[in-house]
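One structure below.
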Amino acid sequence: MHKSKIYILSDKKGIGKTTSLQKWVKINPQLKGFLTPIVNGKRMFQIIETNNYLPMETESKELAIGRYLFNKKSFETVTQMALKLSSGNSNQTIIIDEIGPLEINKNQGFHYLVLKLTEIATNNPKLLFVVRESCLQDFITKYKLKNFEVINLKDFNHKFLANN
């Protein structure tokens, strides 16, 4: 990854973006941030540094979009963790998996985190956002991104996993 660069991993829903990222994380200890794997049928936040899991979904309607109900406390915890990372080592890459309609359409979820991270991206660290293909153009426009590269899953696997 180049210095001061934002990567956007964008592709169709449910084709293995998080699974590929989990493989990449295993072979690259400098990667930080969080992933959103499905564990026992529920989407979770997987904190990369600790490998701890927090529930992403909930039964309450505190943070909702469509048929999805999200755990607001987990979003807040993950946001604080990612913001803390952003003031650290410029050689690290922070992964944010994933940004979607909650942020883009409702200014909720990781909206504030994306604003803060893209604001400081010119200094450090490097960022990799996972954005669903159907949300990509809205994401780029909403957050006024510059100096970024969009990569699909096939190219990501070739570029970051093929040599390991």
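The values are calculated or read from the model by the stated rules, or taken from the named source; none is laboratory data. Model, not experiment: these values are computed from the prediction. Cβ: placed from backbone, ideal geometry, glycine included. Neighbour counts: every protein chain shown. Side chains included, ligands, DNA and RNA excluded: accessible areas come from the protein's heavy atoms. Shrake-Rupley method; radii C 1.70, N 1.55, O 1.52, S 1.80 Å.
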Report summary line: Counted residues in region 19-38 being assigned to a strand (DSSP E or B) and exposed (fewer than 15 other Cβ atoms within 10 Å of the Cβ) come to 1
Report summary line: Of the residues in region 135-153, those that are in a helix (DSSP H, G or I) and either in contact (Cβ under 8 Å) with a residue 12 or more places away in the chain or of a type in the set (Asp, Glu) (or both) number 7
Requested in this report: May I ask you to list the residues in region 61-80 that are more than 13 Å from the chain's Cα centre (by Cα) and within 27 Å of GLY16 (Cβ to Cβ)?
Outcome: LEU63, ALA64, ILE65, GLY66, ARG67, TYR68, LEU69, PHE70, ASN71, SER74, THR77
Query raised in the report: Counting just the residues of region 62-94 that are assigned to a strand (DSSP E or B) and in contact with a helix residue (DSSP H, G or I) (Cβ under 6 Å, 6 or more places away or on another chain), which one comes out nearest to ILE27 (Cα to Cα)?
Result: ILE94
Query raised in the report: Within region 135-157, how many residues turn out to be under 20 Å from THR19 (Cα atoms) and either at pLDDT below 95 or acidic (Asp, Glu) (or both)?
Result: 1
Query raised in the report: Of GLY16, GLY66, GLY41, which residue is at positive phi, of a type in the set (Gly, Ala, Ser) and open to solvent by less than 40 Å² (accessible area, probe 1.4 Å)?
Result: GLY16
Report task. Among the candidates PHE160, PHE129, PHE156, single out the residue that is surrounded by 20 or more Cβ atoms within 10 Å (Cβ to Cβ) and more than 16 Å from the chain's Cα centre (by Cα). Result -> PHE160
Query raised in the report: When you look at LEU127, is it touching a residue at least 40 places away in the same chain (Cβ under 8 Å) and assigned to a helix (DSSP H, G or I), yes or no?
Result: no
Query - Single residue of region 44-58 satisfying the filter (among the hydroxyl-bearing types (Ser, Thr, Tyr) and modelled with pLDDT under 95) that is least open to solvent (accessible area, probe 1.4 Å) - result: THR58
